[in-house]
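This report concerns only the one structure given below.
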Amino acid sequence: MRRRWLAAVAITMASVLGLAACGGSGGDKAGPTSTGGGESKKQVEVFSWWTGPGEADGLKAMRKIFETNNPQYTFFDAAVAGGSGDKAKALLQSKLQAKTPPDTFQGHAGAELQGYIKNGDLEDLNFLYDELKLRDVFPSQLVDQISVEGKVYSVPVNIHRSNVLWFNPKVLKDAGIAAAPKSIEEFIADLPKVKAKGKIPLSIGSEWTATHLLENVLLGSLGTDAYNALFKPGANWGAPEVTKALDNYKTIMSFTGPPQDDWQPAAQQVAKGEAAFNIMGDWAYGYFHNPPEGGLGLTSKTDFDWAPAPGTEGTYLWLSDSFTLPKGAKNRDGAIAWLKVAASKEGQDAFNPLKGSIPARKDADQSLYKDYLADALKDWSSNKLAGSIQHGVSVNQPWLAAITESVGLFIKDKDVAALQKGLVDAATANAQ
Ligand code: GAL
């Protein structure tokens, strides 16, 4: 198990060696919120990007537990809309710079969290890990991803999988595709068959979903070891294998439909039978499966189905959402109360079945994870690991911003050489 994590751990740990320890306390300065009944409650501002269909259900379930356990606090949902947090993270940056952080915010385990730690934005949570004995319940390699020099800086709520190929079984059948493509080559051969039937071969959402697709095509084309090697010092993003992967990306992108506003409408095109495939993280499962209003209430295997993204079977392209304690949080005690719910078995088992993720805790109630989620639990325990680019594991935020810029240009000019140069430059400027 340990070896599976090492590739990703090595990158982030190398980048954090020698950092000064963080610490300090923000104190409890929350202002009261009137309840209208004469008493007043302190609010706890919880910052995330889980507002949309399929995203918000899990948060609501955890909120309910928080409210039951903490009648002294009001939950203030400070979520900012936009999948993958591109808008939320920009606003968060300005709040952190202005030293007006939310009481707790969502951050991805890995390089993204290491960035917040390095900037001195977070309090360490060793006191909480000691009190709740959390080192015993989270995989130690995951704890490594959120730690610097023995101090842990967040509470992971889940493990998500990025490399899922969602598809509409009826559309595949009509196009004469017998089974989900297992390799990039098979995928590229299938896409025109769908097009010939007048359907969208591969649906796509807003710009970040193109980077999400890129990480999947890189992994599927290069294989796990070569993909993981891209994030090690001295990695060769200019290699001919990367060119080949980017050529594949260009071909696959040429079969995408009109870009949708976010990941949900792109997933919905598959649900409606307008598109055959969508490559998206398993938060899409919550959206497909959860009952309306939150989800589409679809029947799995009939209305939608899934497989590892082409060429990635046996590998879990992982990411993990975690919550933090920012330095200077107005309601520090309230934030800690939230972190306790997020860390708990009860909280994780309420959140994850709706979120479409598996729990970060090793002792969760496995019987609650059915259907796609049962597959995910099984694969998580046996697959090799690779870290997501788009969702904070393998690259820090400046590196991701540079990749996003290159992908944005590529969407317009379709120039593989320019994309590869952009990726080389992004790595050179940001790899640590
Ligand atoms: C990821 C996040 C997931 C999910 C997804 C789509 O970055 O880790 O929990 O919210 O974005 O918005």
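Which residue out of GLU215, GLU241 is charged (D, E, K, R) and open to solvent by 20 Å² or more (accessible area, probe 1.4 Å)? Criteria check complete, one pass: GLU241. For the stretch 68-116, a residue qualifies if it is more than 16 Å from the ligand (Cβ to nearest atom) and among the acidic types (Asp, Glu), and exactly one does: ASP103. Remark: VAL270 matches the filter, which requires a residue to be in contact (Cβ under 8 Å) with a residue 12 or more places away in the chain, in a helix (DSSP H, G or I) and closer than 25 Å to ILE177 by Cα.
Pairs meeting the criteria (first residue in the stretch 134-146 and of a type in the set (Lys, Arg), second residue open to solvent by less than 20 Å² (accessible area, probe 1.4 Å), beta carbons under 9 Å, at least 6 apart or on different chains) are ARG135/TYR129; ARG135/VAL143; ARG135/VAL152.
Set side by side, the residues ASP124, ASP103, ASP136 differ, and just one is among the charged types (D, E, K, R), at pLDDT 95 or above and touching an Asp or Glu at 6+ places or on another chain (Cβ under 8 Å), which is ASP103.
The residue that is least open to solvent (accessible area, probe 1.4 Å), counting only those in the stretch 175-184 that are over 10 Å from PHE277 (Cβ atoms) and of a type in the set (Gly, Ala, Ser), is ALA175. Looking across the stretch 185-200 at every residue that is open to solvent by 50 Å² or more (accessible area, probe 1.4 Å) and in contact (Cβ under 8 Å) with a residue 24 or more places away in the chain, the one that is farthest from VAL270 (Cα to Cα) is identified as GLU186. Of the helices (runs of 4 or more DSSP H) lying entirely inside the stretch 145-259, those containing at least 3 residues that are more than 15 Å from THR312 (Cβ to Cβ) and at pLDDT 95 or above span 169-174, 184-196, 207-222, 240-253. Is it true that some residue in the stretch 248-258 is more than 22 Å from the chain's Cα centre (by Cα), more than 28 Å from PRO139 (Cα to Cα) and assigned by TED's automatic domain parsing to the domain that holds GLN141? Looking through the stretch 248-258, none of the residues is more than 22 Å from the chain's Cα centre (by Cα), more than 28 Å from PRO139 (Cα to Cα) and assigned by TED's automatic domain parsing to the domain that holds GLN141. Could you list all residues from the stretch 122-174 that are touching a helix residue (DSSP H, G or I) at 6+ places or on another chain (Cβ under 7 Å) and either on the phi > 0 side of the Ramachandran plot or open to solvent by 20 Å² or more (accessible area, probe 1.4 Å) (or both)? Those that are touching a helix residue (DSSP H, G or I) at 6+ places or on another chain (Cβ under 7 Å) and either on the phi > 0 side of the Ramachandran plot or open to solvent by 20 Å² or more (accessible area, probe 1.4 Å) (or both): LEU132, ARG135, ASP144, LYS151. When the stretch 90-100 is examined, which residues are found to be charged (D, E, K, R) and in contact with a strand residue (DSSP E or B) (Cβ under 9 Å, 6 or more places away or on another chain)? Result: LYS95, single match. Taken over the stretch 78-114, the residue count meeting the criterion of being in contact with a Pro (Cβ under 8 Å, 6 or more places away or on another chain), surrounded by fewer than 22 Cβ atoms within 10 Å (Cβ to Cβ) and not in a loop (DSSP other than H, G, I, E, B) is 2.
The values are calculated or read from the model by the stated rules, or taken from the named source; none is laboratory data. Being a predicted model, the structure only gives us computed values, none of them experimental. Cβ coordinates were reconstructed from backbone atoms using ideal geometry, including for glycine residues, and neighbour counts include every protein chain displayed. For the accessible areas, the whole protein counts, side chains as well, though only heavy atoms, and no ligand, DNA or RNA atoms are used. Shrake-Rupley method; radii C 1.70, N 1.55, O 1.52, S 1.80 Å.
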